[in-house]
Amino acid sequence: MDKPKDPSIEHTQRALPHKLQQVCHTLQRLEQKMILIGHRSDQIALKMQQIRENIQN
């Protein structure tokens, strides 16, 4: 005999892929922001190095 399906389990099985997709999208956005922050940080470090070199010369 088959057990009757629990509606909450069915809902969880349908909702889980959607939640995972949302988490994946959020992580992708965070990764993009971190890349932009890293790039900006490199630009600032280069500018500071140029300023120090100008002061020393």
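The values are calculated or read from the model by the stated rules, or taken from the named source; none is laboratory data. Since the model is a prediction, treat every value here as computed from it, not as a measurement. Heads up: the accessible areas ignore ligands, DNA and RNA and are worked out on the full protein's heavy atoms, side chains in. Shrake-Rupley method; radii C 1.70, N 1.55, O 1.52, S 1.80 Å.
Observations, loosely collected:
- Sole exception among (1) modelled with pLDDT under 95; (2) open to solvent by 100 Å² or more (accessible area, probe 1.4 Å) for residue 8, by number: (2)
- Residue 41, sole failed condition from (1) modelled with pLDDT under 95; (2) in a helix (DSSP H, G or I); (3) not acidic (Asp, Glu): (1)
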